[in-house]
Amino acid sequence: MSDSKKTAPKPTIKAVRGTRDLLPDQTPLWNHVETTARAVFARYGFGEIRTPIFESTELFARGVGEETDIVSKEMFTWKDGERFDKDALRDWWLRKHSQRLGSWSTIDAPFALTIEVRDRPHEHEIVAFAGEISPALIATLVAFGAPSYVRQKDFDEWLAQDEPRDSSQINDQSRTIKAVKRLVVPTAVPDKGEEWLRDDLVVEFASENFTKSSQSLTLRPESTAGVVRAYIEHKLGETGNLQKLYYIGPQFRRERPQRGRYRQFWQIGAEVIGPQSSGAESPLRDAEVLEMLATLLDELGIRDWKLELNSVGSSEDRVRYNAALRDALQPVKHLMCEDNQRRADTNPLRVLDSKDEADQEIINNLPKIADYLSEDSAAHFEQVLAALEACGVKYHLNPRLVRGLDYYTRTTFEFTVTTGLGTQNAMLGGGRYDGLSEMLGGPRAPGIGFAIGEDRLILTLQAQAEADAAASGETVAAPKLDAYIAPLGITQNPAALALARELRAAGLKVEVGEGSFKIGKSFGFADALARHVILLGEDEAATGTYTVKTFTTGEQVKIPRAELAAKLQN
RNA sequence: GCGGCUAUAGUUCAGUGGCAGAACGCCGCUCUGUGGCAGCGGAUGUCGUGGGUUCGAACCCCACUAGCCGCCCCA
C-alpha cells in the first residue's frame, strides 16, 4: 500500500474545457427530446440529413460571414494534410543559387534541419545542419559551416529543454523529434564553404511556402451552411421539389463556457429550401416552420416559451437601413456607452441589441427597420403574421431582434424561455436566408431554417421538472427493470443466466445477480434496480417453480417457469 | 476574449495558520432462503494542479486548470 503511494500518480485526463459526458441518467431525456423532434418533423414532411462534422473553413467564412464573431474568433480550425514539400524547397533553393552552384546543381546537397516552432505549427525555424539527427554529424557540420545559422549549444539546449518530465510527455517529444526528422532543407554544399549560408537565406526561406496538399478545415459551428452546401452539391434543386431537411448533431464554438453554453453543444435544426418555383420563398413556409416549432415545444412540455419575431428585410433593405442607422447614430453616439460607440461605426445593427440601460432611450428613437422594408419584404412579413394568427400561434414583434449571422434575410425569430437558462435565455433561433445558396456559389434557392439549442432545451425541461417536484413534494423515480434474478449460490449462476436469456427473449428487462452475494445484498441490488426479484436456488432448480417477490406490495408467490414471463409483464 | 465568484470524501457542504470533519450515500457484522428498519463497527481524501510565504498552509500570496455568474456573442 505504502509502496504504491510512493509512485507518482499519473496526471488524470479530464474532459476538455466546454465539453462534457452525458451519463445514463441523462440520456433518456435526450433521447426523448430527439425522438419527439423526429416524430414532429416527420409529420411536417421533413427528412433527416446528416452532414459532416467538419467542413472546409471557406464554407463558414462565406456562409456565416467572415466578420461575425463566430467565424472571426470562435471556430476550431486547423490545417489538414499539410506536409513539408522538400522537393519544392530544393527546387527553390537550386533555382536561387543555380549560377553559383554550377555543376553542383544536380547533386544531393546535405540538408539543414528545421523544426516547427512550438505551438505554431505553420512556422518553421532552422536549428541545425544535418541529414540525420546525430550530434556527431551536427558537430561536423557546425565545424564545416553551420555557425552562421545555429550554434551547437543552441541545438543542445533545445534538445535538453525537451527532455520529458514524465511519461505523459514522451509523445510530445516524439512528435517534435519526428518533426525535426521530417523537415529537411538543402542549404549547404560541400567544399563551397559558408558563403552560401547567409542570414538572408533564412529570411527568404521563412517567407516562402513549402507546404503542399494542405487545406483549412473547421469543426462546424452551425449546420445551415453545411446543409445548403449539400443541397448545392447534390443538385437537390434540380428535382424541382421543396426540400425539407432536419438534422440533430453536435456543433463546436470556442466560446467561454457557461451554463447552457458549451464548446461542443447540440443543435436540432431544420431547413426548408428549394428553387423559387417550389414555393420556398412563400411566407407560408415561414409560418409553417414557426407553427411546427410551437407544436414541438408544446409536445415536449416547454411551458413558458415566447416567440419573438422580426423582419430584417432583403439584403438591399438592410444596406439602406444600415446607412440610415449610421446617419442617425452619428450625432448621438458620443452619448452612448463605449461598446455602442464602436458598433455605431462597425455594425450599427448590433446597437439595437444593446442592453445598456442608459442608452435605451436613444435606441428607442432610432429609425425602425419596418420603415425601411421594401414593399415586397413588408408584404411578405404581413403574410407570415396573418398565417400565424390563423393558426393561433402567439408571437411578439421585436423590431430590435437582430441576428448575428450574415446570411439572414427577411423573417428572423427567436424562442426564449424564462426557466432554467439565466441570461442565456434564447433556446432557439432562426430565420430566412434567401441569398445563402448564391453566396456559396449555388443556384438561387431561398430558404428558411432554425436551430434549437438542445442543451438549453434540456436544461429548461430539467428546471421545469425540478420546479414541479419541489411544488408537489414528489421525486421522479427512474424507471425500473422488470425483474432481478438472484441466484442463491454460485452453482446457480449458469441457470440464472439461462433464465435471464429466456425472459429477455420474451421482451422483459432483466438483470442477473451473482451467486456469491449474500441474499440480503441481492435483495438490496434487486430493489434498487427492478420491480420483482426472482429467487433461484436448489429448490427452484429442482421443481421448476420460482419464488417471485414484488417489492411494491411485498407479496411473494411461486410461479412455474412457463408462466414467469407472462406474470412479470405486470 | 473581458470582469467577478468558486474548487475539501461518491454527493451536498463545514472547517480562515496548529491532529482533515458532518450529513447522506457506501462497506462489514448482528443476519449462509427474505433486503429495506434498527443496533454496532469501518473506510472515505494527492483539500483542483504547480510554485511561494511560514517553524507549520485546506486556510495567506502568485500562476495555471476547470466550473459558475455577468459582459460579449449566440443555440
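The values are calculated or read from the model by the stated rules, or taken from the named source; none is laboratory data. Keep in mind it's a predicted model, so treat the numbers as computed, not measured. Cβ atoms come from the backbone with ideal geometry, glycine included; neighbour counts cover every protein chain shown. Areas reflect the complete protein model, heavy atoms only, side chains present, ligands, DNA and RNA absent. Shrake-Rupley method; radii C 1.70, N 1.55, O 1.52, S 1.80 Å.
Please check which bits of the stretch A:25-41 a label hung off A:Thr295 would reach, taking the label as a point 7 Å along Cα-to-C-beta and the cut-off as backbone N under 17 Å.
Under 17 Å, as judged by backbone N against the label point of A:Thr295, lie A:34-41 of the stretch A:25-41.
Give a quick list of trypsin sites (Lys or Arg not before Pro) in the stretch A:264-349 that DSSP marks as loop, anything other than H, G, I, E or B, with at most 12 other Cβ atoms within 10 Å. Please list the in-between numbers first.
On the way: sites: A:Arg285, A:Arg303, A:Lys306, A:Arg318, A:Arg320, A:Arg326, A:Lys333, A:Arg342, A:Arg343; in loops: A:Arg303.
Passing both the DSSP loop test and the Cβ count: no residue.
What residues have an amide H closer than 5 Å to that of A:Gly447, excluding those fewer than 5 places away on the same chain, when H is modeled at 1.01 Å from N in the peptide plane?
HN-HN under 5 Å from A:Gly447: A:Tyr433, A:Asp434.
With a Förster radius of 51 Å, plug the Cβ-Cβ distance of A:Glu58 and A:Glu466 into 1/(1 + (r/R0)^6) and report the FRET value to the nearest 0.05. Numbers along the way, then the final one.
Working: r = 44 Å, r/R0 = 0.87.
The value I calculate is 0.70.
Give me, ordered by chain and number, the residues 5 or more places off A:Leu536 or on other chains with an amide H under 5 Å from its own placed amide H.
Correct list: A:Ala486, A:Leu488.
Output ³J(HN,Hα) for the stretch A:537-543: one whole-Hz value per residue in order, computed from phi by the Karplus curve 6.51 cos²θ - 1.76 cosθ + 1.60 with θ = phi - 60°, and x for Gly and Pro.
Values per residue, Gly and Pro as x: x, 5, 4, 4, 4, 6, 8 Hz.
To the nearest 0.05, what FRET efficiency results for A:Gln360 and A:Tyr44 with a Förster distance of 41 Å applied to their C-beta separation? Can you show the working numbers first?
Numbers: r = 39 Å, r/R0 = 0.95.
Efficiency at R0 = 41 Å is approximately 0.60.
Mind checking the full-extension length gain between A:Lys518 and A:Asp353? Use 0.36 nm per residue of separation minus the Cα-Cα distance, one decimal, nm. Mind showing how you got there, number by number?
Working: separation 165, 0.36 × 165 = 59.40 nm, distance 6.47 nm.
Length difference between fully extended and current span is 52.9 nm.
Got a sec to turn the phi values of the stretch A:389-400 into Karplus ³J(HN,Hα) couplings, 6.51 cos²θ - 1.76 cosθ + 1.60 with θ = phi - 60°, whole Hz, x for Gly and Pro?
5, 4, 7, x, 8, 6, 9, 10, 6, 10, x, 9
Could you rank A:Arg62, A:Arg456 by how accessible they are, 1.4 Å probe, largest area first?
A:Arg62, A:Arg456
Give me, ordered by chain and number, the residues 5 or more places off A:Phe46 or on other chains with an amide H under 5 Å from its own placed amide H.
Amide H to amide H, under 5 Å and 5 or more residues apart or across chains, A:Phe46 pairs with nothing.
How big is the accessible area of A:Lys509 in square angstrom, nearest 10, if you roll a 1.4 angstrom probe over the protein chains?
About 120 Å², rounded to the nearest 10.
For the pair A:Ser374 and A:Asp339, what calculated FRET efficiency results from E = 1/(1 + (r/R0)^6), where r is the Cβ-Cβ distance and R0 = 22 Å, to the nearest 0.05?
Working: r = 30 Å, r/R0 = 1.39.
Result of the calculation: an efficiency of 0.10.
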